[in-house]
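Everything below concerns the one structure shown next.
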Amino acid sequence: MSLTRPELTAILAADRKHVWHPYTPMDEWRARHDPLVVTGAEGPYLILHDGSRLIDGNGSWWVSTLGHNPQRLVAALETQARALCHVSLAGITHAPAALLAEELAAVAPGDLDQVFYSDDGSTAIEAAVKMSVQYHAQSGHRRSRFLALEGAFHGETIGATSLGGVEVFRRPFASVVFDVVHVPVPEPGVPDWDSAFGAVERILEADGGQFAALVVEPILQGAAGMRLYPAAYLAELSALCRRHGVLLVADEVFTGYGRLGTMWASELAGVVPDILCTAKGFTGGVLPMAATVTNQRVLDAFSGGRGRAFLYGHSYCGNPLAAAVAREVLAVYREERVVEGVPERERAIRECFERLAKDPVTSRIVLGVRAQGCMGAADLRDDPRLAVDGPVPTVETTDDLGSGYTAGVGWRVYDEARRRGAYLRPLGDVVYITPPLNIPMADLERLLGIVEESVRAVAARV
């Protein structure tokens with residue numbers, strides 16, 4: 001839908017005056033106000049105010065696993081809205097929440113079959129943190145410390161922020177975050193395996209009885225720059241946790257639902273966590289909803305009266321609208337064999353990013369590349385010769401890895417891609433794509449072509 005000039009002016013004025021954007025220095029944003037104004041979306045495309053289209057290369061912060069506005073999900077939402085929009089889950093049940101739990105348990109790893117609902121990835125992690133501490137306390141152990149990986153990102157609440165290993169996100173809240181020990185992550189192909197694993201082993205050998213859980217993003221750390229680590233490392237960490245009675249919490253908010261080529265990234269390591277968190281693709285980017293999934297052994301620790309119950313919940317916990325959509329997501333995955341289609345897309349993504357590393361022009365600024373499932377990423381090298389004359393790109397800030405308005409190399413690629421018809425919001429100087437898992441191959445090839453052209457255009461200035 002195209003907007004008239006007065007409509008566009010009104011939207012921009014209201015945004016500039018009232019909207020506080022996430023991860024954004026608002027004084028600079030308002031001074032250089034030039035946002036993308038999105039009026040619709042379809043499949044892998046964002047539709048802008050003038051009717052033009054951009055391929056959403058980032059999946060709107062990684063949620064659009066089935067593309068934008070998939071009609072089966074929209075229809076499920078409409079049908080449910082006519083029957084029941086919301087009722088609390090306190091002493092009440094309803095078909096969408098009950099049947100979704102059954103269907104989620106059927107696809108969850110191993111013995112994970114107890115489903116606790118919340119609102120988003122952060123609250124799913126918050127539930128896992130509280131669940132872990134209370135589980136140990138009611139099992140006769142005082143364990144309140146946590147382990148997480150360096151470079152971790154687990155969300156925005158205080159508990160999730162505490163677990164985070166990206167310093168810029170923790171620094172403003174240093175006075176209120178709880179005690180977390182961050183452990184090393186080995187790089188693929190780099191011979192530091194023993195030092196990374198040995199660090200964790202030494203911590204648990206010395207103080208294992210203090211730790212409630214190790215929380216990990218399995219295999220892929222998103223906010224750290226789409227950083228991959230070996231599946232075997234996760235398998236070794238899982239065995240170490242079992243040996244010391246530490247719960248393993250898998251944050252599959254981003255990595256789950258097929259992003260890395262299996263339904264759960266934990267499967268790549270042959271690992272069944274004690275607790276699994278899911279969100280983002282859980283509802284295909286249509287509505288906010290999350291789940292924290294565990295096993296009967298963990299649930300049993302909460303038996304024995306109200307004083308031992310898990311006294312935690314959200315007003316919209318298990319809400320019927322999102323639950324109905326989440327059920328339809330699983331139906332689409334089953335019937336359209338979504339995960340089975342990932343390897344074909346992975347091959348195309350991998351070939352594209354490997355070309356960036358080898359091409360004589362793009363390799364001037366490409367330091368390294370990686371791809372797995374429906375994810376591809378390139379680390380770019382900044383260079384003083386890439387200085388841009390004129391206005392700095394009006395893009396939102398993310399973090400110290402690439403603060404907005406700095407015209408870093410990642411944002412220069414963003415600017416080139418935007419002109420060519422793709423939205424490629426970088427993580428600092430990491431340019432990446434996380435398209436829908438079912439993106440049509442023709443659209444994927446177009447997106448990859450824009451990635452290559454955009455990197456080449458920037459690299460040619462060096």
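The values are calculated or read from the model by the stated rules, or taken from the named source; none is laboratory data. Being a predicted model, the structure only gives us computed values, none of them experimental. Here the Cβ positions follow ideal geometry from the backbone for every residue, glycine too, while neighbour counts run over all protein chains shown.
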Legend entry - Contacts under 9 angstrom Cβ, first residue in the range 29-54 being over 24 Å from P70 (Cβ atoms), partner acidic (D, E) and modelled with pLDDT under 95, 6 or more apart: W29/E396; P35/E396
Inset, instruction - Working carefully through the options A105, A90, A95, A81, find the one that is at pLDDT 95 or above, farther than 27 Å from P436 by Cβ and not hydroxyl-bearing (S, T, Y). - result: A95
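Quick check on T93: is it surrounded by fewer than 21 Cβ atoms within 10 Å (Cβ to Cβ), under 30 Å from V168 (Cα atoms) and among the β-branched types (V, I, T)?
Details: surrounded by fewer than 21 Cβ atoms within 10 Å (Cβ to Cβ): yes; under 30 Å from V168 (Cα atoms): no; among the β-branched types (V, I, T): yes.
Criteria not met by T93.
So which of G270, G368, G376 is over 22 Å from Y414 (Cα atoms) and of a type in the set (G, A, S)?
Result: G270 is the single residue among G270, G368, G376 that is over 22 Å from Y414 (Cα atoms) and of a type in the set (G, A, S).
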Legend entry - Residue among L234, L149, L247, L228 that alone is outside the structural domain of A378 (by TED's automatic domain parsing), surrounded by 21 or more Cβ atoms within 10 Å (Cβ to Cβ), under 21 Å from G261 (Cα atoms) and hydrophobic (A, V, I, L, M, F, W, C): L234
Inset, instruction - Hey, can you tell me all the residues within the range 121-135 that are over 22 Å from the mean Cα position of the chain (by Cα) and farther than 16 Å from V180 by Cβ? - result: Q134, Y135
Inset, instruction - Return the only residue of V168, V183, V129 being touching an Asp or Glu at 6+ places or on another chain (Cβ under 8 Å) and surrounded by 20 or more Cβ atoms within 10 Å (Cβ to Cβ). - result: V183
Inset, instruction - Filter the strands (runs of 3 or more DSSP E) completely within the range 13-103 down to those with at least 1 residues that are of a type in the set (F, W, Y) and under 25 Å from M441 (Cβ atoms). - result: 45-48
Inset, instruction - Within the range 107-150, count every residue that is free of Cβ contacts under 8 Å to residues at least 24 places away in the same chain and part of a helix (DSSP H, G or I). - result: 1
Inset, instruction - Select from the range 137-184 the residues that are within 19 Å of Y23 (Cα to Cα) and among the charged types (D, E, K, R) and write down the one among them that is farthest from the chain's Cα centre (by Cα). - result: R171
Inset, instruction - Spot the failing condition for V272; the list is (1) under 26 Å from V338 (Cβ atoms); (2) more than 15 Å from the chain's Cα centre (by Cα); (3) part of a helix (DSSP H, G or I), and only one is missed. - result: (3)
Inset, instruction - Kindly provide the set of residues from the range 305-331 that are at pLDDT 95 or above, of a type in the set (D, E, K, R) and exposed (fewer than 15 other Cβ atoms within 10 Å of the Cβ), ordered by number. - result: R308
